[in-house]
Amino acid sequence: MTRWRDLYCGEVRPDDVGRTVAVAGWVARRRDHGGLIFIDLRDHSGVVQLVVNPERAAEAAKIAHDIRSEFVLRARGEVVARTPEAVNPALATGAIEVQVDELEIVARSEPLPFQLDDDGVEEPLRLRYRYLDLRRDRMQRNVRLSATVISAIRSSMEEQGFIDVWTPTMTLGTPEGARDFLVPVRLQPGKFFALAQSPQLFKQVFMISGLDRYYQIATCWRDEDLRADRQFEFRQLDLELAFPTREDVLDVLERVVVASFEALGRTPPPRPFPRLAYADAMLRYGSDKPDLRFELEIQDATEPTRGSEFGVFANAECVRFLVAPTVFSRAQLQRLEEFAKEWGAKGLAYLVVDESGEVRSPIAKFLSERELEAFAAPHGSTVLFAADTPAKVERILGALRLQLGEELGLVDTTRDEFLWVLDFPLFELDEETGEWTFVHHPFTGPLEGHEDLIESDPGNALSNAYDLVWNGWELGSGSIRIHRQDVQARVFRAMGMTEDEAQTKFGWFLEALRMGTPPHGGFALGLDRFLALLAGESNIREVIAFPKTAGGSDPLTGAPTPIPDRVLAELGIALKPEAGTGR
Ligand code: ASP
């Protein structure tokens, strides 16, 4: 038999009228009406209506009687114009239909566990039958859009002189701050590989090897809680280059973003993307990944509230506020206070300035003219305060800002706001151990001129790290690295890591650093996040063909599963009773 498909379903056009065409696809719907059988045949390109008329094609009509939803058919016939009353203007193929001459059932289908055009199917069911879910328009679009973007990213990287080099996935524990997934080794019982949390050290080593512009679309594994923007395994555009300035690295990424937009026929964001220092981001937005699609900036009132008669202000290390452009009712304020408490606030002081300019607030009587002036809020607004340590104030007002943005409809969803956040701190205090630890990873270089703070004032040492943010999502991060062994040793020391520990964890890498390391820097762009945002999805699972559920399992294959004891024994592993028995 010949090919039997010369057109995708959605490709049949009104100017094909009079032509004989062959199409193949799935049965989206069948209807019997007036002695005719109407079949909507669908594939990823669209849908076309087949009409089987027993008078025209008796054999085809016999076959058509058997047809159910989601059968795979091949049909050959003539394209004809529909009668005017049958035209469906919502469909590209709505003015035509195919009068079938020959029909073949290529494959039958059991009744499906859900209707493909039902938008309300629960996620576990979708993932259990992901191959059917992927047949739906939305997933077809997302998967194909992803492929277009990945292709554009590769072209852009290669045009910019980067080469794709693979790095091992089974390796030594890597330093991205998450837990490792471990792989036991049958030939060496008791020993384990870790799955790479990222290619970080290998890509730095490439710079030492003279592979001066490396990239890879790398799969990474991190054992951490899953969220809308996090999976155990995920992809990143990983890159590294030798002798870069920070601007060089940012430029590479901006080109990639622009190329991706252009590949989808969308207007790219203007370059250069805005840049904001971490400290300013925290001060003005209470976040290191601010959503700039709405204004609503946090303002500082620490200085004007020194000596305030309102004790909460006077005694707080830091007082900041937001001016919401609305007059909140008492009930609304109570709800916002609850919200602020969830983020660690003790309460939520406020001033309501009504439409006539009158101030309503239980704290107004304590506030001086100077204070009220500092909070200058327009008529018809509400000032919301946080007074605490700077870190808490940032957290509370950052969360409140996003909440208000959404609640008050301030977010302009037609805008695309890209942003670089620069100059992150090099270290932060680990709340559990009380020791300094890295903010990005321990190979991040200090900002020029901040090297001496590594020992004298670690909390104020800034790093040469940068994050890319899109509409409030962190798309990825990178840094100019430490390329000198002595500086690396000082950073380890500042983090309380002994020489021995550093050797055990990264000895091979520290040795490499001593053998002619050019200055270098790089970045990793979270590909799944980027694709999700490009697809207009708020969950990365929608752009991953086979994602894990929020609980970390795969309903399609049933993984993860117990492993029989004899297999574990070969690996030198015995399970503790509370972990369940292998089977
Ligand atoms: N390795 C880092 C990460 O995966 C990115 C980088 O610094 O290049 O987040």
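Here are the numbers:
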item: Selection from region 76-110 of residues that are of a type in the set (Lys, Arg), surrounded by 16 or more Cβ atoms within 10 Å (Cβ to Cβ) and assigned to a loop (DSSP other than H, G, I, E, B); result: Arg82
item: Of residues in region 326-379 being surrounded by fewer than 16 Cβ atoms within 10 Å (Cβ to Cβ), among the polar types (S, T, N, Q) and without any contact (Cβ under 8 Å) to a residue 60 or more places away in the chain, the one nearest to Phe310 (Cα to Cα); result: Gln334
item: Residue match in region 536-554 (condition: within 16 Å of the ligand (Cβ to nearest atom) and closer than 29 Å to Leu172 by Cβ); result: yes
item: Elements of type helices (runs of 4 or more DSSP H) contained in region 492-583, each with 1 or more residues being in contact with a Cys (Cβ under 8 Å, 6 or more places away or on another chain) and either modelled with pLDDT of 95 or more or surrounded by 15 or more Cβ atoms within 10 Å (Cβ to Cβ) (or both); result: none
item: Within region 172-209, considering residues that are in contact with a Pro (Cβ under 9 Å, 6 or more places away or on another chain), more than 28 Å from Ala152 (Cβ to Cβ) and not hydrophobic (A, V, I, L, M, F, W, C), the one farthest from the ligand (Cβ to nearest atom); result: Gly190
item: Boolean, Ala461 is farther than 25 Å from Arg275 by Cα and either among the hydrophobic types (A, V, I, L, M, F, W, C) or under 28 Å from the mean Cα position of the chain (by Cα) (or both); result: no
item: Residue list for region 469-491, filter: in a helix (DSSP H, G or I) and within 16 Å of the ligand (Cβ to nearest atom); result: Gln488, Val491
item: Matching residues in region 285-335 - criterion: being at positive phi and aliphatic (A, V, I, L, M); result: Leu296
item: Residue in region 503-515 that is within 22 Å of Gly173 (Cβ to Cβ), within 16 Å of the ligand (Cβ to nearest atom) and charged (D, E, K, R) present; result: yes
item: Filter result for Asp212 (among the acidic types (Asp, Glu), away from the ligand (no atom under 13 Å from the Cβ), touching a residue at least 24 places away in the same chain (Cβ under 8 Å) and under 24 Å from Gln485 (Cβ atoms)); result: yes
item: Qualifying residue in region 11-19 (condition: within 21 Å of Leu112 (Cβ to Cβ), crowded, with 19+ Cβ neighbours inside 10 Å and touching a residue at least 40 places away in the same chain (Cβ under 8 Å)); result: no
item: Segments classed as strands (runs of 3 or more DSSP E), wholly inside region 206-286, with at least 1 members that are under 21 Å from Gly161 (Cβ atoms); result: 213-221, 233-242
item: Candidates Asp452, Asp430, Asp412 - the one that is among the acidic types (Asp, Glu), more than 15 Å from the ligand (Cβ to nearest atom) and within 30 Å of Thr267 (Cα to Cα); result: Asp412
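The values are calculated or read from the model by the stated rules, or taken from the named source; none is laboratory data. Just so we're clear, the structure is a prediction, and the values are computed from it rather than from any experiment. Ideal geometry is used to build each Cβ from the backbone, glycine not excepted, and the neighbour counts take in all protein chains shown.
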